[in-house]
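S.K.: Before I ask anything, here is the structure I am working with.
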Amino acid sequence: MSPPGSSPSNAPGRVLEARWLGLVEYGRAVGLQERLVPLRRSCRIPDQLLLLEHPHVITLGTGSSDGHILVTEEDRSRLGIEIHRSRRGGDVTYHGPGQLVGYPILDLKPDRKDLHGYLRDLEEVLIRTLRRWGIRGRRVEGLTGVWTEAGKVAALGVRVSSGWITSHGFALNVHTNLDYFGTIVPCGIPDRAVASMEGLLGTAPPMSEVRLEVARQLAEVLGAAVEEAEGLPGELDGEGED
Amino acid sequence: MARIEVPMPQMGESIAEGTVSRWLKKVGDTVERDEPILEISTDKVDAEIPAPQAGTLVEVAVEEGETVEVGTIVAYLDTEGGAPEAAEDQEEDDGEDEAPSGDAATAVDDEVEAEASTEREEQESAPAAESAGPESAEERLKRRSTPVVRRMAEEHGVDLSRVEGTGHAGRVTKQDLEAWLESGGDDAPEAEPEAAPAPKKAPVQQPSAAPSGSPDDLWKRFYSEVENPEFPVREADRVESMDKIRRLTSDHMVVAKRTAAHVHSFIEIDFTRVDAVRRANRQKWKDQGARVSFTAFVTWALSRILREYPTLNGTASGNNVIYRGNVNLGIAVDLDPGLIVPVIRDADHLSLVGIGKQIMDLAERARNRKLGPQEIQGATFSITNPGVLGTMVGLPVIPKGTSGILGTGAIEKKVVVVEDPETGTDSMAIRKRSIFSLGYDHRIVDGADAARFLARLKEMLENFPDDA
């Protein structure tokens with residue numbers, strides 16, 4: 001068995017389109033993914049990596065317990081935090097500005113039909129990204145995500161739709177205001193700290209550089225060539241915006 | 001209309017079980033092929049499980065929130081047209097009587113399971129015999145609860161066989177256990193013992209003339225039933241239930257070892273010639289899209305000589321010997337974990353390159369769990385290759401329903417003494433050599449036959465023809 005992330009490259013000419021979408025409201029990002037998944041399944045678009053940030057939002061995965069939201073309804077609306085129940089795996093998490101969110105829309109069929117293998121691949125992408133800034137990220141057995149000495153720096157939550165098409169993905173704390181994690185029990189694991197790259201480095205790396213590195217590393221793990229793309233795939237043009 | 005089973009699919013090599021998080025379809029709904037019918041979750045992934053065929057969802061066997069092993073039937077579909085009727089009561093059955101290819105029984109491919117079980121019904125004796133054993137079928141099924149439930153039971157000191165299971169096949173679910181604990185466990189009035197819901201059509205024990213314990217009965221149990229003794233768990237231990245592949249493999253190995261009179265013989269074979277042929281043709285074969293492994297050479301050579309040794313291409317069957325009319329070679333493929341033995345049919349009709357291509361294709365599809373049921377059945381002789389991992393030699397188990405298996409050892413450079421054919425002078429040379437083992441059923445294969453067979457194989461490989 002080859003170590004995670006070191007799989008040989010895919011079919012020649014495989015392309016990963018990386019798209020920077022800026023600040024996107026959570027519900028809109030979910031809707032966008034739901035429209036991209038069938039396009040990827042029917043091969044009308046190549047593999048995608050949506051990179052974005054969300055406004056403050058608490059999301060619940062299918063494995064979530066409401067008990068893991070610690071903030072009162074009142075405080076929540078005062079802080080301007082939305083709540084969404086999502087169709088990804090995993091428990092509760094927080095997203096907000098300063099956190100790089102990546103949603104890969106990939107076809108795993110050709111060579112990586114392995115749900116846990118895919119999680120390990122995403123962890124590898126993030127660990128390699130962190131290494132570029134000298135941060136030692138690591139896996140913790142049984143606790144999916146990427147961990148550092150200061151705590152969890154990246155969270156994962158993935159959905160695989162019929163035909164092995166992925167959506168949802170990962171959230172990497174670049175310069176997230178970690179106080180917001182106080183409103184939840186991250187991933188339902190109490191007593192585990194959350195970390196950010198800024199906290200670990202003392203200064204925040206530029207978001208633009210982190211996202212380029214993430215795209216480059218995902219492409220490398222997939223054995224694909226990365227192509228930076230602007231905005232949304234043209235294939236969506238014919239369809240109504242939500 | 002045909003009723004087909006929808007098993008929990010294998011969604012990755014480290015995934016032994018999944019939790020049904022949501023049913024997307026309900027009983028009575030019609031579904032298209034590949035349309036998602038349920039969602040499962042495992043770790044931080046949620047995944048949709050598509051319908052294997054178009055049809056109507058007629059039964060949901062696992063509830064939302066329940067965690068089940070890979071291979072467990074989660075639903076039944078009614079399909080239109082000629083889909084094979086799956087034997088619905090065979091799901092927990094371990095007696096694999098038909099598939100003669102050794103590890104064929106280990107294959108857990110959805111289709112494989114559905115079809116392989118059709119022919120067994122009449123010979124079925126296992127479930128009935130089970131109840132005669134020290135542990136009832138019901139108790140056994142209950143013990144096969146998920147690790148979460150077993151851990152909970154352990155923490156609370158609950159004997160799971162005392163808890164009524166409402167889950168699939170009478171399994172005790174987390175909810176059952178919680179309800180049991182709430183109701184005060186053993187102190188509560190004992191529930192009426194109910195028959196286990198599965199096996200649904202447990203064959204009724206025929207009122208037989210032979211009383212239990214008669215020689216007939218004992219022999220039947222000896223050959224068809226496997227009882228696995230249990231051992232105490234110590235503090236730092238971890239206990240996991242075997243998944244279906246492991247269970248089938250385990251039972252098959254026990255029955256195979258019990259049935260055939262295993263003997264093994266060894267021979268050392270020089271691979272210098274094969275190596276030369278392989279090097280000389282590698283580029284040509286590559287251009288033809290083929291990779292011809294050492295195993296392909298061995299398979300080719302075997303296929304050419306097996307007909308000369310019909311007992312090795314046959315099987316003992318009751319008081320008869322069946323000499324097989326075809327040469328179908330089973331090739332063990334390591335799935336890490338697990339093992340499957342796809343079959344090259346009529347290997348003696350294929351060229352060396354043809355065999356190389358088939359091995360590549362079958363191994364690839366075995367690893368992707370894409371083999372059809374017919375592709376893992378009907379082996380008349382098997383090959384296993386422990387040498388690929390560096391082992392010098394192995395003592396392989398002869399798959400049930402065959403009488404021979406060849407184990408190929410690691411091919412390594414060795415210093416050997418060679419004689420100059422002209423001068424008769426001895427000198428040392430470096431040669432690629434490997435030790436092969438032949439496992440054979442001594443009931444029908446004599447030692448001298450085995451020795452002649454191995455010598456013939458050696459001769460064939462050491463003088464490998466150019467035009468194979």
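The values are calculated or read from the model by the stated rules, or taken from the named source; none is laboratory data. Predicted, not measured: the structure shown is a model, and the values here were computed from it. Here the Cβ positions follow ideal geometry from the backbone for every residue, glycine too, while neighbour counts run over all protein chains shown.
S.K.: State whether one or more residues within the stretch A:224-242 are at pLDDT 90 or above, surrounded by fewer than 21 Cβ atoms within 10 Å (Cβ to Cβ) and part of a loop (DSSP other than H, G, I, E, B).
M.R.: The answer is no; no qualifying residue exists.
S.K.: Consider B:Glu13 against the criteria (1) more than 10 Å from chain A (Cβ to nearest Cβ); (2) in contact with a Pro (Cβ under 8 Å, 6 or more places away or on another chain); (3) part of a loop (DSSP other than H, G, I, E, B): it satisfies all of them except one. Which criterion is unmet?
M.R.: So the condition that B:Glu13 fails would be (1).
S.K.: Being more than 11 Å from chain A (Cβ to nearest Cβ) and either closer than 20 Å to A:Ile165 by Cβ or hydrophobic (A, V, I, L, M, F, W, C) (or both) is the filter here, so list the residues in the stretch B:1-10 that pass it.
M.R.: B:Met1, B:Ala2, B:Ile4, B:Val6, B:Met8, listed by residue number.
S.K.: Ok, one more. For the stretch B:273-285, indicate whether the set of residues that are touching a residue at least 40 places away in the same chain (Cβ under 8 Å), out of contact with any helix residue (DSSP H, G or I) (no Cβ under 8 Å at 6 or more places or on another chain) and surrounded by fewer than 17 Cβ atoms within 10 Å (Cβ to Cβ) is non-empty.
M.R.: yes
S.K.: Is it true that B:Arg246 is surrounded by 12 or more Cβ atoms within 10 Å (Cβ to Cβ), part of a helix (DSSP H, G or I) and modelled with pLDDT under 75?
M.R.: Judged against the criteria, B:Arg246 is not a match.
One line per residue, one yes/no per condition, for (1) farther than 23 Å from A:Gly61 by Cα; (2) of a type outside the set (Val, Ile, Thr):
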{"residue": "A:Glu123", "(1), (2)": "no, yes"}
{"residue": "A:Leu130", "(1), (2)": "yes, yes"}
{"residue": "A:Trp133", "(1), (2)": "yes, yes"}
{"residue": "A:Gly137", "(1), (2)": "yes, yes"}
{"residue": "A:Val140", "(1), (2)": "no, no"}
{"residue": "A:Leu143", "(1), (2)": "no, yes"}
{"residue": "A:Val158", "(1), (2)": "no, no"}
{"residue": "A:Gly163", "(1), (2)": "no, yes"}
{"residue": "A:His168", "(1), (2)": "no, yes"}
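S.K.: Pull out all pairs, ordered by first then second residue, where Cβ-Cβ is under 8 Å, the residues are six or more apart or on different chains, the first lies in the stretch B:345-356 and is under 19 Å from B:Gln377 (Cα atoms), and the second is of a type in the set (Gly, Ala, Ser) and surrounded by fewer than 20 Cβ atoms within 10 Å (Cβ to Cβ).
M.R.: From residues that are under 19 Å from B:Gln377 (Cα atoms), the pairs are B:Arg345/B:Gly378.
S.K.: Please state which one of B:Leu306, B:Leu302 is out of contact with any His (no Cβ under 7 Å at 6 or more places or on another chain), crowded, with 17+ Cβ neighbours inside 10 Å, hydrophobic (A, V, I, L, M, F, W, C) and under 25 Å from B:Val416 (Cβ atoms).
M.R.: Every option except B:Leu302 fails the conditions.
S.K.: When residues of the stretch B:315-332 are filtered for being surrounded by fewer than 23 Cβ atoms within 10 Å (Cβ to Cβ), out of contact with any Asp or Glu (no Cβ under 7 Å at 6 or more places or on another chain) and part of a strand (DSSP E or B), how many remain?
M.R.: Residues in the stretch B:315-332 being surrounded by fewer than 23 Cβ atoms within 10 Å (Cβ to Cβ), out of contact with any Asp or Glu (no Cβ under 7 Å at 6 or more places or on another chain) and part of a strand (DSSP E or B): 5 in total.
S.K.: Just to check your reading of the model, which residue among B:Phe294, B:Phe266 is farther than 15 Å from B:Leu352 by Cα and either surrounded by 16 or more Cβ atoms within 10 Å (Cβ to Cβ) or hydrophobic (A, V, I, L, M, F, W, C) (or both)?
M.R.: B:Phe266
S.K.: Next question, about the same structure. Confirm whether A:Leu122 is facing chain B (nearest Cβ under 9 Å), crowded, with 23+ Cβ neighbours inside 10 Å, closer than 26 Å to A:Ala224 by Cβ and at pLDDT 90 or above.
M.R.: no
S.K.: B:Tyr76 passes all but one of (1) away from chain A (no Cβ under 14 Å); (2) modelled with pLDDT of 85 or more; (3) buried (at least 21 other Cβ atoms within 10 Å of the Cβ); which number fails?
M.R.: In the conditions (1) away from chain A (no Cβ under 14 Å); (2) modelled with pLDDT of 85 or more; (3) buried (at least 21 other Cβ atoms within 10 Å of the Cβ), B:Tyr76 misses (3) alone.
S.K.: Okay, next question. Among the residues of the stretch A:96-118, write down those that are within 13 Å of chain B (Cβ to nearest Cβ) and of a type in the set (D, E, K, R).
M.R.: Passing the criteria: A:Lys109, A:Asp111, A:Arg112, A:Lys113, A:Asp114.
S.K.: Where residues in the stretch A:132-164 are within 9 Å of chain B (Cβ to nearest Cβ) and touching an Asp or Glu at 6+ places or on another chain (Cβ under 6 Å), which of them is surrounded by the fewest Cβ atoms within 10 Å (Cβ to Cβ)?
M.R.: A:Ser162
S.K.: Look through B:Ala448, B:Ala366, B:Ala455 and report the one residue that is closer than 30 Å to A:Lys109 by Cα and either of a type in the set (Lys, Arg) or out of contact with any Phe, Trp or Tyr (no Cβ under 7 Å at 6 or more places or on another chain) (or both).
M.R.: Matching residue, one of B:Ala448, B:Ala366, B:Ala455: B:Ala366.
S.K.: Follow-up question, since we're still on this one. Tell me whether the stretch B:258-271 contains one or more residues that are part of a helix (DSSP H, G or I) and either within 26 Å of B:Leu335 (Cβ to Cβ) or of a type in the set (Gly, Ala, Ser) (or both).
M.R.: Yes, the stretch B:258-271 contains at least one residue that is part of a helix (DSSP H, G or I) and either within 26 Å of B:Leu335 (Cβ to Cβ) or of a type in the set (Gly, Ala, Ser) (or both).
S.K.: Please go through the stretch A:70-95 and give me each residue that is away from chain B (no Cβ under 14 Å) and crowded, with 23+ Cβ neighbours inside 10 Å, ordered by number.
M.R.: A:Tyr94, A:His95
S.K.: Which one of the conditions (1) without any contact (Cβ under 8 Å) to a residue 60 or more places away in the chain; (2) more than 14 Å from chain B (Cβ to nearest Cβ); (3) in a strand (DSSP E or B) does A:Asp179 fail to meet, given that it meets all the rest?
M.R.: In the conditions (1) without any contact (Cβ under 8 Å) to a residue 60 or more places away in the chain; (2) more than 14 Å from chain B (Cβ to nearest Cβ); (3) in a strand (DSSP E or B), A:Asp179 misses (3) alone.
S.K.: Which of the residues spanning the stretch A:143-170 are within 11 Å of A:Pro104 (Cβ to Cβ), of a type in the set (Ser, Thr, Tyr) and touching a Ser or Thr at 6+ places or on another chain (Cβ under 7 Å)?
M.R.: Matches in the stretch A:143-170: A:Ser167 only.
S.K.: I need the full set of residues from the stretch A:82-128 which are farther than 26 Å from B:Lys370 by Cβ and among the hydroxyl-bearing types (Ser, Thr, Tyr), in order please.
M.R.: A:Ser86, A:Thr93, A:Tyr94, A:Tyr103, listed by residue number.
S.K.: If you check A:Ala171 against the conditions, is it within 18 Å of A:Glu124 (Cα to Cα), of a type in the set (A, V, I, L, M, F, W, C) and in a strand (DSSP E or B)?
M.R.: Here the answer is yes, as A:Ala171 does meet what is asked.
S.K.: Restricting the search to the stretch B:23-45, which residues are under 13 Å from B:Thr67 (Cα atoms), at the interface with another protein chain (Cβ under 7 Å from one of its Cβ atoms) and not in a loop (DSSP other than H, G, I, E, B)?
M.R.: Once the filter is applied, which keeps residues that are under 13 Å from B:Thr67 (Cα atoms), at the interface with another protein chain (Cβ under 7 Å from one of its Cβ atoms) and not in a loop (DSSP other than H, G, I, E, B), the stretch B:23-45 yields B:Ser41, B:Thr42.
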